[in-house]
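One structure is given below, encoded as structure tokens.
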Amino acid sequence: MINHQKITQAVKFSLVYEQSGKWKKAERLQLMVKDYLCAKLGAEHPLSMKIMLALSGIYWQQTRAKEAAELQNKVLQACINSLGLRHPKTLKAMDTLGATRCLQGRFKESHELHKNAIEGMMEILGTKHEDTLLAMNNFGRIKWMYFQLEEAKSWYLKAIAGMKEVLGEHHLETLVAIENLSITYIDLGGHYLQIAHDQMEVVLKTRKEKLGKEAPWTLLAICNLARVKSALGDMAEAEEMMGAAIPIAERDLGKDHFGTLAGKVHYVQVLVRLGRYDEAEDIFRKVIERQRYQSVARDDGEHPDRILAMNYLMLCYQEHGKIEKGIEICEELADVVQTIGGQRLEKHHVFAKRLSEKHAELLKLRATSFGSGRG
């Protein structure tokens, strides 16, 4: 018989399972709690909405973004109907849905949700509230997705400073924000790379201590530390770290989990830099298979992670001297990039501009090689 004590116990155990990456077990418990509370109290009761958001987080971590977004949208509409647009719980639901829209590649919608949420939170809750700080981190992520690196850095730094004060330097959410900042530092390059390296070493060490050596968030830290090492030129260690982590991710997360796919994309970039082109191309071709992204992407749009993997395959072909294949991928990208997340990506977007420049470069290389052949 289900009672209050059993429900409380199920919630506590589900949180333990979630932190350790045992998402299926956490999902089963939270589904039981959700069904019980919705039947007993109604879907718009605060406790029902709280468990639905928690369950959507489990879906999110399994990259089942469509299911996560469906639950989050229900909660958001219920909050708007019962509490209004400016209530803290409504703003939290708005920010949570924004993070899932980002995962789906629906960047325009994500940006709008985060922008509205953070403006409301800063006014109502203040800049030092935990929800506001988490929203700052999320806003930084969508800025990074738009290649607005300086803005992303600024939001991450604000979030980290507040989280260290409110949550603590080694809190798991603080570590997420530090990791996001480190990824931005990789893109910024230069003197930022050593800072990113030092930060990621701390993130990895803390996650190993708190979550275990093979927990999903620990594997992510291994991958991102290896990315920094690769950017610093330490290719051998980067290849060793990623090569050891990927089989664990395949076993524990699954071959089509976005964490596993992203890890492989970063790993094969190292292989390309090591000149192991055939091996890299074989992995790339499997990673870009469209069906791997069905749990997240809309039916009418490509997912940005697949597009990014295709872009790296194009660069691999160029490095390998397979210019014709590079042009084929580039021209395919020119079509699919217009449908990221089911929303049109305008031609002035940074990625679209880079793609156009790369296409011109590849055509020039092809013409040069044909000219040399005729000579």
Residues of region 243-261 classified as open to solvent by less than 50 Å² (accessible area, probe 1.4 Å) and either assigned to a loop (DSSP other than H, G, I, E, B) or of a type in the set (S, T, N, Q) (or both), total: 4
Index of the failed condition, Glu179 passing every other in (1) surrounded by fewer than 20 Cβ atoms within 10 Å (Cβ to Cβ); (2) within 19 Å of Tyr267 (Cβ to Cβ); (3) modelled with pLDDT of 95 or more; (4) among the acidic types (Asp, Glu): (1)
Qualifying residue in region 315-326 (condition: modelled with pLDDT under 95 and within 20 Å of the chain's Cα centre (by Cα)): no
Long-range neighbours under 6 Å by Cβ, at least six apart or interchain, first residue over 30 Å from Lys66 (Cβ atoms) and modelled with pLDDT of 95 or more within region 268-295, second polar (S, T, N, Q) and part of a helix (DSSP H, G or I): Val270/Ser230
Whichever residue in region 122-137 is farther than 14 Å from Val176 by Cα and touching a Gly at 6+ places or on another chain (Cβ under 8 Å) and, among such residues, is most open to solvent (accessible area, probe 1.4 Å): Lys128
Close pairs from region 93-120: first closer than 23 Å to Leu47 by Cα, partner outside any helix (DSSP H, G or I) and not hydrophobic (A, V, I, L, M, F, W, C), Cβ under 9 Å, at least 6 apart: Thr100/Arg106; Gly120/Arg86; Gly120/His87
Within region 29-46, tally of residues that are surrounded by 14 or more Cβ atoms within 10 Å (Cβ to Cβ) and either free of Cβ contacts under 8 Å to residues at least 24 places away in the same chain or within 27 Å of the chain's Cα centre (by Cα) (or both): 6
Filter result for Glu209 (open to solvent by 70 Å² or more (accessible area, probe 1.4 Å), free of Cβ contacts under 8 Å to residues at least 12 places away in the same chain, over 18 Å from the mean Cα position of the chain (by Cα) and over 18 Å from Leu175 (Cα atoms)): no
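The values are calculated or read from the model by the stated rules, or taken from the named source; none is laboratory data. On a predicted model such as this, the values are computed, not experimentally measured, just so you know. Glycine also receives a Cβ, built like all others from the backbone with ideal geometry; neighbour counts cover every protein chain displayed. Side chains are part of the model used for accessible areas, which takes the heavy atoms of the whole protein and leaves out ligands, DNA and RNA. Shrake-Rupley method; radii C 1.70, N 1.55, O 1.52, S 1.80 Å.
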